[in-house]
Amino acid sequence: MQQHYVRPDGLPPVNGYSHAVSFSGSMVAISGQVPLDAQGRLVGPDDPEAQARQVFENLTTALAAAGAGMGQVVRLTFYLTDLADLAALRRVRDEYISLEKPPASSLVQVSGLVNPAFRIEIDALAAL
């Protein structure tokens with residue numbers, strides 16, 4: 001069971017996330033996913049939208065392996081090397097999450113990721 005507190009009184013407006021999410025049940029932690037396909041090849045070297053889509057596909061696959069889906073995600077943490085990629089990230093994110101009950105989220109700009117070609121990494125928590 002999940003309860004989403006998208007914008008409680010006294011908190012600022014949101015764009016695709018909930019300020020808080022409460023839940024019960026088992027938790028699944030998904031490690032940071034990067035824009036590599038199943039063969040380990042980089043997807044979209046200079047295309048933030050293609051990289052974001054591959055990362056969300058990887059999240060979906062990892063969640064499924066644990067018996068969960070994107071609808072059970074209660075928290076996402078986004079790591080971007082360039083905040084100019086935020087609009088592309090949001091477009092793709094909105095295809096994968098519930099806009100009525102979005103997960104809690106954090107966004108961190110980082111100076112780099114493990115591979116200099118990676119523009120984005122995302123980790124997740126899901127409630128079964």
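A short reminder: the numbers here are calculations on the coordinates, not readings from a lab. Computed from a predicted model, the values in this text were never measured in an experiment. For neighbour counting, all protein chains shown are included, and Cβ atoms are generated from backbone atoms with ideal geometry for every residue, glycine included.
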(message) I need the full set of residues from the range 61-101 which are of a type in the set (D, E, K, R), closer than 25 Å to Arg7 by Cβ and surrounded by fewer than 19 Cβ atoms within 10 Å (Cβ to Cβ), in order please.
(response) Arg90, Arg91, Asp94, Glu95, Glu100, Lys101
(request) Under 6 Å between Cβ atoms, at least 6 apart or on separate chains: pull out the pairs that start in the range 19-38 with a residue that is closer than 13 Å to Val74 by Cβ and end on any residue that is surrounded by 12 or more Cβ atoms within 10 Å (Cβ to Cβ) and of a type in the set (Phe, Trp, Tyr). (result) His19/Tyr5; Ala20/Tyr5
(message) Of everything in the range 13-27, what is closer than 19 Å to Arg93 by Cβ and of a type outside the set (Gly, Ala, Ser)? Give them in sequence order.
(response) Pro13, Val14, Asn15, Tyr17, His19, Val21
(message) Could you check the range 1-21 and list, in sequence order, the residues that are over 17 Å from Leu99 (Cα atoms) and small (Gly, Ala, Ser)?
(response) Gly10
(message) Looking only at the range 45-60, how many residues end up being under 12 Å from Phe118 (Cα atoms) and crowded, with 17+ Cβ neighbours inside 10 Å?
(response) 6
(message) If I ask for residues that are within 13 Å of Pro48 (Cα to Cα) and among the β-branched types (Val, Ile, Thr), which ones from the range 107-121 would you list?
(response) Ile120
(request) Among the numbered conditions (1) among the small types (Gly, Ala, Ser); (2) under 17 Å from Ala126 (Cβ atoms); (3) touching a residue at least 40 places away in the same chain (Cβ under 8 Å), tell me where Ala64 comes up short. (result) (3)
(message) Go through the range 102-128 and report how many residues are of a type in the set (Ser, Thr, Tyr), buried (at least 18 other Cβ atoms within 10 Å of the Cβ) and closer than 21 Å to Leu36 by Cα.
(response) 0
